[in-house]
Amino acid sequence: MEADNYKSGYTAELEVLEKDGSRWVLDAGGEDIMMNASDAEETIQEGDTVHVFLYTNRRGELTATMKMPSMTAESFGWARVIRVDDNEGVYVDIGSSFEVLVNKTDMPRVKSLWPAVDDELYMTLRTDLGGTIFGRLATEERVLEQIEEAPTSVFNQNLKARAYRLLPVGSFMLSIPENYRIFIHNTEQEKEPRLGQEIQVRVIGNRDDGTLNGSMLPRKEERLGDDAETVIRYLSEVGGRMPFSDKSSPDEIKEMFNLSKASFKRALGKLMKEGKITQSEGWTMLK
């Protein structure tokens with residue numbers, strides 16, 4: 001391969017020529033490419049052929065590292081957010097020797113949906129004319145090329161997933177580590193996730209194309225448990241007696257517990273069945 005074919009953002013197989021101070025000299029088709037000793041494996045020696053990632057350093061020089069990133073200009077992977085800059089965009093850790101900027105033009109229009117530190121973005125690498133590397137979010141077309149077909153056995157399971165695309169109609173997620181594509185309609189979201197945010201998703205449907213439909217809402221029994229816990233916590237805080245029962249008005253219940261009357265009655269029914277509360281003359285008491 002000629003030297004001109006070695007490019008920033010790509011990998012290469014290069015021969016180790018010699019050690020020059022704190023750097024190794026590598027042969028790129030007759031041209032020298034330098035690699036800091038801190039970016040090399042301790043066991044390398046002259047004459048070895050090494051697998052490296054190429055990038056342009058701050059002096060504009062094509063440089064090598066053996067610290068392979070999670071993605072290249074030819075592949076996709078997850079990059080952890082390490083810094084958010086309102087004016088520039090989001091800086092991410094790609095697992096190599098340097099951080100990479102994902103430009104603010106790739107971020108959601110709504111600032112609250114921007115990723116936070118430790119969120120992760122599904123992306124590839126691109127370079128400008130000078131060879132400087134930046135991050136580019138995976139397009140839907142490319143995501144569809146990367147995903148795995150989901151088995152029917154995942155129905156009703158909880159999966160860890162991260163948001164890679166946000167639209168008004170809903171959120172598109174990739175499960176971790178399986179790489180199943182999951183769509184969550186906006187009616188199945190308590191709130192819209194941030195781009196790159198990791199959440200628990202419940203699978204509510206398998207699609208013919210091998211992708212999934214999901215929900216961020218708890219199962220009915222889980223919601224019932226949470227509602228009952230809300231009632232018990234309130235009773236404990238007010239001394240074990242409250243002037244609310246299944247006869248209370250919907251407005252009173254909504255104001256005090258942020259629950260619908262139907263949800264409140266179901267929670268009381270569950271607690272009475274478990275023998276944790278009693279009701280008398282419009283009052284509810286802890287047993």
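Just to be sure, is residue 71 surrounded by 19 or more Cβ atoms within 10 Å (Cβ to Cβ), aliphatic (A, V, I, L, M), assigned to a strand (DSSP E or B) and at pLDDT 95 or above?
Values: surrounded by 19 or more Cβ atoms within 10 Å (Cβ to Cβ): yes; aliphatic (A, V, I, L, M): yes; assigned to a strand (DSSP E or B): no; at pLDDT 95 or above: yes.
Considered against the rule, which asks whether it is surrounded by 19 or more Cβ atoms within 10 Å (Cβ to Cβ), aliphatic (A, V, I, L, M), assigned to a strand (DSSP E or B) and at pLDDT 95 or above, residue 71 comes out as no.
Looking only at the stretch 61-73, decide whether some residue is without any contact (Cβ under 8 Å) to a residue 12 or more places away in the chain and among the polar types (S, T, N, Q). Reasoning before the result, please.
First, the residues of the stretch 61-73 that are without any contact (Cβ under 8 Å) to a residue 12 or more places away in the chain: none.
The answer is no; no qualifying residue exists.
Quick one: count up the residues across the stretch 152-187 that are more than 25 Å from residue 71 (Cβ to Cβ) and in contact (Cβ under 8 Å) with a residue 24 or more places away in the chain. Please lay out each step first, then the result.
Step one: of the stretch 152-187, the residues more than 25 Å from residue 71 (Cβ to Cβ) are 152-158, 168-170, 185-187.
Cutting the leftovers down to in contact (Cβ under 8 Å) with a residue 24 or more places away in the chain gives us 152, 154-158, 185.
Going through the stretch 152-187 one residue at a time, the tally reaches 7.
Tell me which of these residue 248 doesn't satisfy, since it passes every other one: (1) polar (S, T, N, Q); (2) surrounded by 14 or more Cβ atoms within 10 Å (Cβ to Cβ); (3) assigned to a helix (DSSP H, G or I).
Result: residue 248 passes all but (3).
Looking at 60, 9, 47, which is the one that is touching a Ser or Thr at 6+ places or on another chain (Cβ under 6 Å), on the phi > 0 side of the Ramachandran plot and part of a loop (DSSP other than H, G, I, E, B)?
Numbers: 60 fails: touching a Ser or Thr at 6+ places or on another chain (Cβ under 6 Å); 47 fails: touching a Ser or Thr at 6+ places or on another chain (Cβ under 6 Å).
Only one candidate passes the filter, namely 9.
Could you check how many residues of the stretch 153-171 are out of contact with any strand residue (DSSP E or B) (no Cβ under 8 Å at 6 or more places or on another chain) and assigned to a strand (DSSP E or B)? Full working, then the answer.
Step one: list which residues in the stretch 153-171 are out of contact with any strand residue (DSSP E or B) (no Cβ under 8 Å at 6 or more places or on another chain), which gives 153, 167-168.
Then keep just the ones that are assigned to a strand (DSSP E or B); that gives 167.
The number of residues fulfilling the criteria is 1.
It is to be established whether one or more residues within the stretch 24-32 are among the β-branched types (Val, Ile, Thr) and without any contact (Cβ under 8 Å) to a residue 12 or more places away in the chain.
The first filter runs over the stretch 24-32 and keeps only residues among the β-branched types (Val, Ile, Thr), leaving 25.
After this cut, where a residue has to be without any contact (Cβ under 8 Å) to a residue 12 or more places away in the chain as well, the list is 25.
Yes; the residues of the stretch 24-32 include at least one that is among the β-branched types (Val, Ile, Thr) and without any contact (Cβ under 8 Å) to a residue 12 or more places away in the chain.
Looking at (1) aliphatic (A, V, I, L, M); (2) within 30 Å of residue 183 (Cα to Cα); (3) part of a helix (DSSP H, G or I), which is the only condition residue 217 fails?
Only one criterion is unmet by residue 217, namely (3).
Quick grid of which residues meet (1) closer than 27 Å to residue 113 by Cβ; (2) modelled with pLDDT under 90; (3) touching a His at 6+ places or on another chain (Cβ under 7 Å):
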{"site": "207", "(1), (2), (3)": "yes, no, no"}
{"site": "213", "(1), (2), (3)": "yes, no, no"}
{"site": "226", "(1), (2), (3)": "yes, yes, no"}
{"site": "253", "(1), (2), (3)": "no, yes, no"}
{"site": "261", "(1), (2), (3)": "no, yes, no"}
{"site": "264", "(1), (2), (3)": "no, yes, no"}
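Of the residues in the stretch 179-195, how many are surrounded by fewer than 17 Cβ atoms within 10 Å (Cβ to Cβ) and not in a strand (DSSP E or B)?
Start the filter on the stretch 179-195 by keeping residues that are surrounded by fewer than 17 Cβ atoms within 10 Å (Cβ to Cβ), which leaves 179, 185-187, 189-191.
Still in the running and not in a strand (DSSP E or B): 179, 186-187, 189-191.
Within the stretch 179-195, residues that are surrounded by fewer than 17 Cβ atoms within 10 Å (Cβ to Cβ) and not in a strand (DSSP E or B) number 6.
Any idea how many residues of the stretch 251-285 are surrounded by 13 or more Cβ atoms within 10 Å (Cβ to Cβ), under 42 Å from the mean Cα position of the chain (by Cα) and not in a helix (DSSP H, G or I)?
Applying the first criterion (surrounded by 13 or more Cβ atoms within 10 Å (Cβ to Cβ)) to the stretch 251-285 yields 252-254, 256-257, 259-261, 263-272, 276-277, 279, 284-285.
From what's left, under 42 Å from the mean Cα position of the chain (by Cα): 252-254, 256-257, 259-261, 263-272, 276-277.
Narrowing the set further to residues that are not in a helix (DSSP H, G or I) leaves 259-260, 276-277.
Number satisfying all stated conditions: 4.
For the stretch 14-50, name all the residues that are under 32 Å from the mean Cα position of the chain (by Cα) and exposed (fewer than 12 other Cβ atoms within 10 Å of the Cβ).
38, 41
Select from the stretch 103-146 the residues that are within 15 Å of the chain's Cα centre (by Cα), assigned to a loop (DSSP other than H, G, I, E, B) and either buried (at least 18 other Cβ atoms within 10 Å of the Cβ) or at positive phi (or both) and list them in ascending order.
Hits for the stretch 103-146 are 107, 114, 115, 118, 119, 138.
Do we have any residue at all in the stretch 53-62 that's within 20 Å of residue 7 (Cβ to Cβ), among the hydroxyl-bearing types (Ser, Thr, Tyr), at pLDDT below 95 and more than 27 Å from the chain's Cα centre (by Cα)?
yes
Which condition number in (1) more than 30 Å from residue 161 (Cβ to Cβ); (2) outside any loop (DSSP other than H, G, I, E, B) is the one that residue 205 fails?
(1)
The values are calculated or read from the model by the stated rules, or taken from the named source; none is laboratory data. This one's a predicted model, so the numbers in the text were calculated from it and none came from an experiment. Here the Cβ is made from the backbone with ideal geometry for all residues, glycine too, and neighbour counts use every protein chain on show.
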